[in-house]
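Asks: This is the structure, below, for whatever I ask next.
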Ligand SMILES: NC(=O)c1ccc[n+]([C@@H]2O[C@H](COP(=O)([O-])OP(=O)(O)OC[C@H]3O[C@@H](n4cnc5c(N)ncnc54)[C@H](O)[C@@H]3O)[C@@H](O)[C@H]2O)c1
């Protein structure tokens, strides 16, 4: 039996996280880098039937006119994210992925994202037409590359919040919306529907709506397919989900939690738009109340400082009190490279989702909650308990 070929279809294929993922995947294939940062390479998961690096074939949708090679060069030169050897050795792999990139969907993405788009990206007359085009591209990718399976990963710019009263509660309601000229679903949800209708798993790495509405989850269950989201937990929020349970377990009262984030990449530029920023702030802020059981005063700021490029600094100030009510303070500074923190998690998520699919799991995969700021399919938000869930799930799959 020949080794299965697995497609990774990336929405936002020429973005920072995507390009870092591709250069990283190429480096792993060439043995140029150890597996540091990859959760799926921990001993706890060694018994799982995980897809090997050389089984993956990459394609995707994108709205900007650039090339993967140019974007990788920029990450190397401007932000020093990628080393010269990894860049040089990834050229063929990037070229093969570049040949599989198709123009993306601009339905309901808002003015800031639309401004990024090349003028030749078409806007469909209806949301259903956009879904049809996504599906034609996915089918073509699967057939041309002779793929046994395709996983769709949303790594596109963060869309504005969609009023939750407009989220379809059932698949029937979602289908009805798709036919309306003012369909309120954003592109991220249309990509999700496109993938799930074809029986392809969908991963939402971003705070955008994606497969969050119940009606889209219902579609996944009908099609016996799984999905995972929402908004990967890579830096400051990861720390919050580690530290907040400590305050709760020691019965320390958190009075306020302030987090200031500064960074300078394209993601940060899109998040300068208050509408787009609102999605991210909500995602970063909500887990405190869920973990602590009450809502301390909190503030999350995200500012675009161009000179920082892909390097993010987050400064958190936690004001708390304990016995005899004396106030105390924890301050921490996190300085990380956004794309390098995110890229290995993209590969982990694809590998774990494929195992879940193989096991016939459907709907939102709560067991992958440790990867997300706003996890779907679980109420657990503390990092330690989420990691226990993942390990227990892996044991069950032996
Ligand atoms: N550590 C992290 O980097 C991290 C963590 C959690 C979530 N995220 C999210 O992941 C996403 C990607 O981050 P990034 O740093 O790579 O951003 P980026 O701005 O570098 O890349 C996004 C890419 O998506 C493209 N795009 C936008 N709308 C599209 C559409 N409708 N269809 C197809 N392509 C589209 C853009 O042109 C761009 O190339 C963002 O939403 C970000 O908030 C990133």
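Asks: Quick check: the angle from helix 16-29's long axis to the longest principal axis of the chain, C-alpha only, nearest 10 degrees?
Replies: Taking Cα atoms only, the helix is inclined about 70 degrees.
Asks: Based on the mean of other Cβ atoms within 10 Å per residue, sort peptides 389-396, 332-339 so the most packed one is first.
Replies: On the way: 389-396: 15.6, 332-339: 17.5.
The densest-packed peptide leads the list: 332-339, 389-396.
Asks: Over region 293-398, what is the relative contact order in percent, taking alpha-carbon pairs closer than 8 angstrom and at least six residues apart? Write down the numbers at each step before the final one.
Replies: Numbers: 79 pairs, mean separation 15.9, N = 106.
Averaging sequence separation for qualifying contacts and normalising by length gives 15 percent for region 293-398.
Asks: In Å, the Kirkwood hydrodynamic radius of region 208-253 over pairs of distinct alpha carbons?
Replies: On the way: mean 1/r = 0.0756 Å⁻¹.
13.2 Å is the Kirkwood radius here.
Asks: In what sequence, highest mean first, do 125-131, 175-181 appear when ranked by Cβ atoms within 10 angstrom?
Replies: On the way: 125-131: 18.9, 175-181: 13.7.
In decreasing order of mean packing, 125-131, 175-181 become 125-131, 175-181.
Asks: Next up: Sort region 119-197 into rounded, prolate or oblate with this rule: let a ≥ b ≥ c be the square roots of the eigenvalues of the Cα gyration tensor; rounded if a/c is under 1.5, and if a/c is not under 1.5, prolate when a/b is larger than b/c, oblate otherwise. Provide the component values of the computation, followed by the final result.
Replies: Values: a/c = 1.74, a/b = 1.61, b/c = 1.08.
Prolate shape, in that a/c is at least 1.5 and a/b is the bigger ratio.
Asks: Follow-up question, since we're still on this one. Does region 302-398 come out rounded, prolate or oblate by the C-alpha gyration tensor, with a ≥ b ≥ c the root eigenvalues, rounded set by a/c under 1.5 and, if not, prolate when a/b is larger than b/c and oblate if not?
Replies: Working: a/c = 3.15, a/b = 1.45, b/c = 2.18.
Cα axes put region 302-398 in the oblate bin.
Asks: Binned at 5 Å from 0, what are the whole-percent values of the Cα-Cα distance distribution for region 295-350, short to long?
Replies: Bin by bin from 0 Å, the calculated values are 4, 13, 17, 17, 15, 14, 10, 6, 4, 1.
Asks: Between 187, 84, 195, where does the largest GNM mean-square fluctuation fall for the chain, given springs only between Cα atoms within less than 10 Å?
Replies: 84
Asks: Listing 316, 267 from the residue with the fewest other Cβ atoms within 10 Å to the one with the most, what is the order? Can you show the working numbers first?
Replies: Details: 316 19, 267 25.
Result, fewest neighbours first: 316, 267.
Asks: Taking only C-alpha pairs under 8 Å that are 6+ residues apart, what is the relative contact order of region 236-337 in percent?
Replies: On the way: 178 pairs, mean separation 37.8, N = 102.
This gives 37 percent for region 236-337.
Asks: Something else about it: Calculated from DSSP H runs of 4 or more alone, at -39500 (n - 2.57) each and per residue, what is the 222 nm mean residue ellipticity of the chain, nearest 500?
Replies: On the way: 14 runs with 164 residues, N = 398.
The helix contribution divided over the chain gives -12500 deg cm²/dmol.
Asks: When a/c reaches 1.5 or more, the comparison of a/b and b/c decides; with that in mind, is region 28-115 rounded, prolate or oblate per its Cα gyration tensor? Don't skip to the answer; put the middle values down first.
Replies: Details: a/c = 1.99, a/b = 1.49, b/c = 1.34.
Prolate is the answer for region 28-115, as a/c is 1.5 or above and a/b outweighs b/c.
Asks: Given the options 123, 109, 85, state which has the largest fluctuation in a GNM of the chain using a 10 Å cut-off (strictly under) for Cα springs.
Replies: Of 123, 109, 85, the most mobile in the Gaussian network model is 85.
Asks: Which angle from 0 to 90°, rounded to the nearest 10, does the C-alpha axis of helix 236-249 make with the longest principal axis of the chain?
Replies: 40
Asks: Compute the relative contact order of the chain as a whole-number percentage, counting only Cα pairs closer than 8 Å that sit 6 or more residues apart in sequence.
Replies: On the way: 793 pairs, mean separation 76.9, N = 398.
Relative contact order, the chain: 19 percent.
Asks: Related question: Give me the distance between the Cα centres of region 27-96 and region 346-371, rounded to whole Å.
Replies: Rounded to whole Å, the Cα centres lie 20 Å apart.
Asks: Can you order the peptides 133-141, 363-371, 289-297 by their average number of other Cβ atoms within 10 Å per residue, highest first?
Replies: Numbers: 133-141: 18.2, 363-371: 24.2, 289-297: 14.1.
Result, highest mean Cβ count within 10 Å first: 363-371, 133-141, 289-297.
Asks: A further question follows. Enumerate the whole-percent occupancy of each 5 Å bin, from 0 to the last occupied one, for all C-alpha pair distances of region 236-337.
Replies: With a bin width of 5 Å, the distribution comes to 3, 12, 23, 23, 17, 11, 7, 3, 1, 0.
Asks: Hey, another quick one. Roughly speaking, what is the centre-to-centre gap between region 224-239 and region 283-344 when only Cα atoms are used, to the nearest Å?
Replies: A separation of 17 Å, based on Cα centres.
None of the figures in this text is laboratory data; all of them are computed from the coordinates on show. If you're wondering where the values come from, they're calculated on a predicted model, not measured in any experiment. Glycine gets a Cβ as well: all are built from the backbone with ideal geometry, and neighbour counts include every protein chain shown.
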